Ligand code: NDP
Ligand code: 8X3
């Protein structure tokens, strides 16, 4: 019987949002298992730093583009050199929350940013990559949703809507790609300690309190789960997984010791 490392050897993974948090940890986890990597993000310096570090473990190609810019997505994917063109594993991770406001005072620029990255960005990247999976009749798409895609919490309105959309798109993908043997997985974390809250609260000190008083999930915890999902035998697909820190019961119930 093949071990998990053998199952992914020689495979190429395309990870969006690889400059930080869950995406960066997933890039490290995959590199340690010898998976060839295409790493994406908008911060060039970070991409280069991560590439330099991971090239000691595997082959790495970096792509700098905004997932919400359709032309940029298509140009980036079209620019992939031979050896990185056949994507076996797509991790649609890029995204963020912008703001935490009641619906009547929400900032429409924040709404645009969330829908552009979390929903349209995921679709544009998927559209650029899935046709080759269909042609080869193989592939695995891992969409990073959220517990916010399963329940709505106060002031979460548009972020929660974007993640509910990710879940619906994931289910649609699983149905439409079923004839081609392509696996589609949805990983839905609760609170993960990343740059997420810095982005959501635009660097304000409100971000510091989000992960205080309990042990939040670490990006490496989620990366291990993604690796587990992509290393199941051919006939096994982890369809939909919800993961919380032990201290969290749902979006609004978190046992904190302050
Ligand atoms: P981080 O802020 O640490 O990372 C976000 C990543 O997404 C960065 O690499 C960023 O790269 C990239 N990104 C954001 N917007 C764009 C864009 N428009 N175009 C290209 N890349 C973009 O947050 P997380 O690691 O926590 O978030 C990763 C995913 O996990 C997101 O989809 C988030 O919604 C989800 N999630 C997070 C949870 C949490 O509590 N942290 C819980 C559940 C889900 P760059 O800025 O270089 O472009
Ligand atoms: C991120 C987790 O609870 O901030 O998706 O929405 S939460």
(request) Give the residues of the range 1-37 that are within 17 Å of residue 55 (Cα to Cα), more than 16 Å from ligand 1 (Cβ to nearest atom) and not in a helix (DSSP H, G or I), sorted by residue number. (result) 9, 10, 11, 12, 33, 34, 35, 36
(message) Of the residues 121, 83, only one is away from ligand 1 (no atom under 11 Å from the Cβ) and more than 24 Å from residue 206 (Cβ to Cβ); which?
(response) 83
(request) Give me a count of the residues in the range 194-211 that are assigned to a loop (DSSP other than H, G, I, E, B) and either more than 20 Å from residue 142 (Cα to Cα) or more than 8 Å from ligand 1 (Cβ to nearest atom) (or both). (result) 8
(message) Being in a helix (DSSP H, G or I) and surrounded by fewer than 15 Cβ atoms within 10 Å (Cβ to Cβ): is that true of residue 179 here?
(response) yes
(message) Pairs please, first residue from the range 185-201 and farther than 13 Å from residue 144 by Cα and modelled with pLDDT under 95, second anywhere and within 6 Å of ligand 1 (Cβ to nearest atom) and in a loop (DSSP other than H, G, I, E, B), Cβ atoms under 7 Å, 6+ apart in sequence or on different chains.
(response) none
(request) Read through the list (1) part of a loop (DSSP other than H, G, I, E, B); (2) under 22 Å from residue 219 (Cβ atoms), then give the number of the only condition that residue 82 fails. (result) (2)
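Residue-wise test of (1) surrounded by fewer than 17 Cβ atoms within 10 Å (Cβ to Cβ); (2) touching a residue at least 40 places away in the same chain (Cβ under 8 Å).
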position	(1), (2)
61	no, no
77	no, yes
82	yes, no
95	no, yes
98	no, yes
114	no, yes
121	no, yes
(message) Exactly one of these conditions fails for residue 146: (1) in contact (Cβ under 8 Å) with a residue 60 or more places away in the chain; (2) within 23 Å of residue 28 (Cβ to Cβ); (3) within 12 Å of ligand 1 (Cβ to nearest atom); (4) in contact with a strand residue (DSSP E or B) (Cβ under 6 Å, 6 or more places away or on another chain). Give me its number.
(response) (1)
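The values are calculated or read from the model by the stated rules, or taken from the named source; none is laboratory data. Only a predicted model underlies this, so the values are computations on that prediction, with no experimental measurement involved. Please note: Cβ atoms are built from the backbone with ideal geometry, for glycine as well, and neighbour counts cover all protein chains shown.
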